[in-house]
1. Among R280, R242, which is crowded, with 17+ Cβ neighbours inside 10 Å, touching a strand residue (DSSP E or B) at 6+ places or on another chain (Cβ under 6 Å) and assigned to a helix (DSSP H, G or I)?
2. Name the pairs: first residue in the stretch 86-98 and over 21 Å from S142 (Cβ atoms), second residue among the acidic types (D, E), Cβ to Cβ under 9 Å, at least 6 apart or on different chains?
3. Looking at the structure I just gave you, is S157 closer than 30 Å to D34 by Cα, touching a Lys or Arg at 6+ places or on another chain (Cβ under 8 Å) and touching a residue at least 12 places away in the same chain (Cβ under 8 Å)?
4. Quick one: what pairs do we get from the stretch 106-119, first residue assigned by TED's automatic domain parsing to the domain that holds V87, second in a strand (DSSP E or B) and exposed (fewer than 13 other Cβ atoms within 10 Å of the Cβ), C-beta under 6 Å, 6+ apart or different chains?
5. Counting just the residues of the stretch 50-87 that are modelled with pLDDT under 95 and of a type in the set (D, E), which one comes out nearest to R161 (Cα to Cα)?
6. Answer yes or no as to whether D165 is without any contact (Cβ under 8 Å) to a residue 40 or more places away in the chain and within 23 Å of the chain's Cα centre (by Cα).
7. Pairs only if they're at least six apart or on different chains, beta carbon under 6 angstrom, first in the stretch 65-84 and closer than 23 Å to V213 by Cβ, second assigned to a strand (DSSP E or B) and among the aromatic types (F, W, Y); list them, first residue then second.
8. Take the residues in the stretch 128-147 that are surrounded by 15 or more Cβ atoms within 10 Å (Cβ to Cβ) and in contact (Cβ under 8 Å) with a residue 60 or more places away in the chain, then tell me which one is farthest from S157 (Cα to Cα).
Amino acid sequence: MKNRPVLTAASVALLLFTAQGQANSVRHYSANLDNSAWQMSEENRLTCEMEHKIPRYGKVFFQSEASKELNLRMKMEMRQLPDGYGVSAIESVPPRWQPGESSYRIGSMKLYKQFDGELRKQLAWTLLKELEKGRYPTFFYSDWYNNRDQVAVSLSSVNFRNAYDEFMTCVNALLPFSFDDIAYTVLNHEAESEKLTLTSQRKLKQISDYLQVDSNLELVLVDAYTDSLGAREPNQALTEQRAQEIEQFFIERGIDKTRIKTVGHGEDRPIKSNDNELNRQINRRVIVQLTKPSPIEL
């Protein structure tokens, strides 16, 4: 005799909703075959975002950002924010046209008073993979406005795959570094040469790539320094020239000149003593700083 499938809270809620059109004590929110829509809401080399509307409930967003590491977060934007603290169970529920399949638990999400729900990393990826399989990740929690009710919120896999393919194509094209990785960058020159070291050339290319896709940057500051060998005036002129070369590098790649400010400091402000070549190489540097506008205070 075959074992009967175990009915979880998720499958019971779904069966009740299917058989009666509504659950007796479970309010179920989910897009149906007619209104289930997934779409890209942001798509560039800095951010990939895919959204899904849940009628009468809110929206769900999956977002990945440029970074050294692959990342993902899911944000559940609720029309009515929690009025207390709790935990939502998450189960993977089969669609109605697969009656022989069982539901299973995949995790939980903490609920915070007056905050949207959020999942990060592994669990957010798990939800995407369950959707890719055609299943319905469903969130179950007690209603904070009516303690007699349970709430079930399902992400529909209907019309998911095309948007998912676009999303993953976008994720694979994200820059492999973030703003924080290049916001303050020190470039060094080779000994007795105007040429940047190979490491510094790679860093400069990264900054250039970032500047081309982020139009929200307020200013690019380029500060150049040298060691104390030679006379002061030629050293001052040398740092001004090096700063201007970096500026020209950015301009040639389409960066507006008005967004760039250069300063040559000559041999002032050494960070090491100039008594050996290693220290002098450290002092021969160009610092590139990127700044963003301050958040508007309400």
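1. Among R280, R242, only R242 is crowded, with 17+ Cβ neighbours inside 10 Å, touching a strand residue (DSSP E or B) at 6+ places or on another chain (Cβ under 6 Å) and assigned to a helix (DSSP H, G or I).
2. P94/E101; P95/E101
3. Here the answer is yes, as S157 does meet what is asked.
4. S108/V87; K110/V87
5. Going through the qualifying residues, I end up with E69.
6. Here the answer is yes, as D165 does meet what is asked.
7. The qualifying pairs are K75/F61.
8. Ranking the candidates gives W144 first.
The values are calculated or read from the model by the stated rules, or taken from the named source; none is laboratory data. Model, not experiment: these values are computed from the prediction. Virtual Cβ from ideal backbone geometry, glycine too; neighbours counted across all protein chains shown.
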